[in-house]
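Okay, so here's the structure we're looking at.
The values are calculated or read from the model by the stated rules, or taken from the named source; none is laboratory data. Quick caveat: nothing in here was measured; it's all calculated off a predicted structure. Because the Cβ atoms are built from the backbone with ideal geometry, glycine has one as well, and the counts that use them run over all protein chains shown. The protein model used for the area step is the full one, side chains on, heavy atoms only, and it has no ligands, DNA or RNA in it. Shrake-Rupley method; radii C 1.70, N 1.55, O 1.52, S 1.80 Å.
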Amino acid sequence: MQYHLEPAEKVFESLGSSEEGLSSRRAEELLASCGKNKLKEAKKEPLLKRLLKQLADPMIIILLCAAAVSALLDVLSSEIPYDTFIILFVVAANAVLGLVQENKAESAIAALQEMAAATSKVIRGGKLEVVKSEEIVPGDVIVLEAGDAVPADCRIFECASMKIEESALTGESLPVSKLTRTPSDTNGDIPLGDRKNMAYMGSTVVYGRGRAVVTATGMNTEMGKIADAISKAEEGLTPLQKKLAGLSKILSVLVICICVFIFGFNLIECLIKGEPITAELSLASFMTAVSLAVAAIPEGLVAVVTIVLSMGVTNMSRKNAIIRKLTAVETLGCAQVICSDKTGTLTQNKMTVVEHYGEDEKLLATGMALCSDAEIDGDGNVTGEPT
């Protein structure tokens, strides 16, 4: 149902609710069937799978192959495989650094989500209650006042000069005046930004008050649809990963060519000299070819790349920027053009007085304060109509 095109009475009827709200028992039943009013979290991958992902890099695979060959050569030569230990240490350090960074970023994101846990004013059984926003269900009647965050998509049925800031959804920085009536002259659907009788999850009431009936929660909200589209987006390789993958291919071809060339060259040289090709000679030629191939692999490259990216992540964290993956730092550094809506990104969407004039500024300030509905809480946060 397109709730913004229907009268409030029909919306209540379809949701099995009324202006008195749902009963507590009915709300519990709907919560059990519809689920919590929160966006779906991505399923966490097990530690082993994340570790294998760290080792799936082409350069790491080449290093592991080099370590195996180096160990084989040292064992056959009755020597201690120092090179193998060094290569394995580099690979292990790279994987651990990547895992630690991902865990730190996920912990920071989880902490932010805990901070964002909010409560809402809901009418249930004709009584006003304060419940967790995640426990709101379709059919709940919520009370909205200046400073409240809209917890779910809802149809407004009572409104007193209510204005809602919807920049997170529409990009419109100015608050939108809300109405209760159903639009009469509509040719089909109405764009989201023009639905004056609706309020959406992720928006904030900046002026006035009103009441609304919840029509959608969680992933069924407009914000949930955006989150679902983002979760389905395919993750591509960063420029650095593409370059390292290209280098890995070149090195792989080079290593194979060196092995074949040196091995073949030694055998051909023996044939030219008329020397017999024995098993010992063939093994010695093969070992020489493999040794040269292993020497061609830059074992320190992975370590250098990881250390440099880790330094970038550390510097970004000092600027309060959370980087989930190490390679994302390099991607940001490669950006030449960033397209962004200014509200809430380049600007804070907050009005600030920068200059003031008047013959009696104290009287002017008093008059402006008396004509304002703004309120300041204990933390210094201001709520109310900006103008």
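Residues checked against (1) in a strand (DSSP E or B); (2) closer than 23 Å to I226 by Cα; (3) of a type outside the set (F, W, Y):
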site	(1), (2), (3)
P138	no, yes, yes
R155	yes, yes, yes
C159	yes, no, yes
E172	no, yes, yes
P183	no, no, yes
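Looking only at the stretch 185-205, which residues are of a type outside the set (S, T, N, Q) and either open to solvent by less than 20 Å² (accessible area, probe 1.4 Å) or over 18 Å from D153 (Cα atoms) (or both)?
Here is the first cut: in the stretch 185-205, the residues of a type outside the set (S, T, N, Q) are 185, 188-196, 198-202, 205.
Hits for the stretch 185-205 are D185, G188, M198, A199, Y200, V205.
What number of residues within the stretch 140-153 are among the small types (G, A, S), open to solvent by 20 Å² or more (accessible area, probe 1.4 Å) and closer than 24 Å to K225 by Cα? If you could, list the steps in order and put the result at the bottom.
First, pick out the residues of the stretch 140-153 that are among the small types (G, A, S): 146-147, 149, 152.
With the extra rule that they be open to solvent by 20 Å² or more (accessible area, probe 1.4 Å), the set shrinks to 146-147, 149.
Next, only the ones that are closer than 24 Å to K225 by Cα stay: 149.
So the count comes out to 1.
Out of the residues in the stretch 294-321 that are modelled with pLDDT under 75 and assigned to a helix (DSSP H, G or I), which is surrounded by the fewest Cβ atoms within 10 Å (Cβ to Cβ)? Please lay out each step first, then the result.
Residues of the stretch 294-321 that are modelled with pLDDT under 75, as a first pass: 294-303.
Those still in the list that are assigned to a helix (DSSP H, G or I) too: 294-295, 299-303.
Numbers: V294: 22, A295: 14, E299: 20, G300: 12, L301: 16, V302: 21, A303: 19.
This residue is G300.
Sort through S173, S177, S133, S120 and tell me the only one that's at pLDDT 90 or above and of a type in the set (S, T, Y).
Working: S173 fails: at pLDDT 90 or above; S133 fails: at pLDDT 90 or above; S120 fails: at pLDDT 90 or above.
S177 is the lone residue from the list that is at pLDDT 90 or above and of a type in the set (S, T, Y).
Within the group M351, M311, which residue is hydrophobic (A, V, I, L, M, F, W, C) and touching a residue at least 12 places away in the same chain (Cβ under 8 Å)?
On the way: M311 fails: touching a residue at least 12 places away in the same chain (Cβ under 8 Å).
Residue meeting the stated conditions: M351.
Can you tell me which residues in the stretch 251-291 are open to solvent by 50 Å² or more (accessible area, probe 1.4 Å), closer than 15 Å to C65 by Cα and at pLDDT 75 or above?
V253, L254, I256
In the stretch 353-384, what residues are at pLDDT below 80, open to solvent by less than 100 Å² (accessible area, probe 1.4 Å), on the phi < 0 side of the Ramachandran plot and in a loop (DSSP other than H, G, I, E, B)?
Hits for the stretch 353-384 are S372, D373, A374, D377, G378, N381.
Mind listing whichever residues of the stretch 56-68 are open to solvent by 50 Å² or more (accessible area, probe 1.4 Å) and in contact with a helix residue (DSSP H, G or I) (Cβ under 9 Å, 6 or more places away or on another chain)?
Filtering the stretch 56-68 for residues open to solvent by 50 Å² or more (accessible area, probe 1.4 Å) gives 56, 58, 61, 64-65, 68.
P58, I61, L64, C65, A68 - these are the residues of the stretch 56-68 that are open to solvent by 50 Å² or more (accessible area, probe 1.4 Å) and in contact with a helix residue (DSSP H, G or I) (Cβ under 9 Å, 6 or more places away or on another chain).
Is one or more of the residues making up the stretch 216-237 touching a strand residue (DSSP E or B) at 6+ places or on another chain (Cβ under 9 Å), open to solvent by less than 30 Å² (accessible area, probe 1.4 Å) and part of a strand (DSSP E or B)? Show your work before the answer.
Step one: filter the stretch 216-237 for residues touching a strand residue (DSSP E or B) at 6+ places or on another chain (Cβ under 9 Å), giving 216-217, 220-224.
Narrowing the set further to residues that are open to solvent by less than 30 Å² (accessible area, probe 1.4 Å) leaves 216-217, 221, 224.
Next, only the ones that are part of a strand (DSSP E or B) stay: 216.
Among the residues of the stretch 216-237, at least one is touching a strand residue (DSSP E or B) at 6+ places or on another chain (Cβ under 9 Å), open to solvent by less than 30 Å² (accessible area, probe 1.4 Å) and part of a strand (DSSP E or B), which makes the answer yes.
On the basis of being open to solvent by 90 Å² or more (accessible area, probe 1.4 Å), without any contact (Cβ under 8 Å) to a residue 12 or more places away in the chain and either in contact with a helix residue (DSSP H, G or I) (Cβ under 6 Å, 6 or more places away or on another chain) or closer than 23 Å to F157 by Cβ (or both), does E13 make the cut? Break it down stepwise before answering.
Numbers: open to solvent by 90 Å² or more (accessible area, probe 1.4 Å): yes; without any contact (Cβ under 8 Å) to a residue 12 or more places away in the chain: yes; either in contact with a helix residue (DSSP H, G or I) (Cβ under 6 Å, 6 or more places away or on another chain) or closer than 23 Å to F157 by Cβ (or both): yes.
Criteria met by E13.
Select from the stretch 161-170 the residues that are part of a strand (DSSP E or B), surrounded by 15 or more Cβ atoms within 10 Å (Cβ to Cβ) and out of contact with any Ser or Thr (no Cβ under 7 Å at 6 or more places or on another chain) and list them in ascending order. It would help to see each step written out before you state the result.
Kept after step one, since they are part of a strand (DSSP E or B), are these residues of the stretch 161-170: 161-165.
If we keep only those that are surrounded by 15 or more Cβ atoms within 10 Å (Cβ to Cβ) too, we end up with 162-165.
The answer is M162, and nothing else.
Being closer than 20 Å to T238 by Cβ and of a type in the set (D, E, K, R) is the filter; apply it to the stretch 51-97 and report the residue that is farthest from the chain's Cα centre (by Cα).
D57
Could you please give the count of residues in the stretch 78-95 that are touching a residue at least 40 places away in the same chain (Cβ under 8 Å) and open to solvent by less than 80 Å² (accessible area, probe 1.4 Å)?
Let us first name the residues in the stretch 78-95 that are touching a residue at least 40 places away in the same chain (Cβ under 8 Å), namely 83, 86-87, 90-91, 93-95.
Subsequent filtering for residues that are open to solvent by less than 80 Å² (accessible area, probe 1.4 Å) retains 87, 90-91, 93-95.
Within the stretch 78-95, residues that are touching a residue at least 40 places away in the same chain (Cβ under 8 Å) and open to solvent by less than 80 Å² (accessible area, probe 1.4 Å) number 6.
If you check K40, K53, which single one turns out to be open to solvent by 60 Å² or more (accessible area, probe 1.4 Å), touching an Asp or Glu at 6+ places or on another chain (Cβ under 9 Å) and over 25 Å from V304 (Cβ atoms)? Break it down into steps so the answer makes sense when it comes.
Details: K53 fails: over 25 Å from V304 (Cβ atoms).
Answer to the selection: K40.
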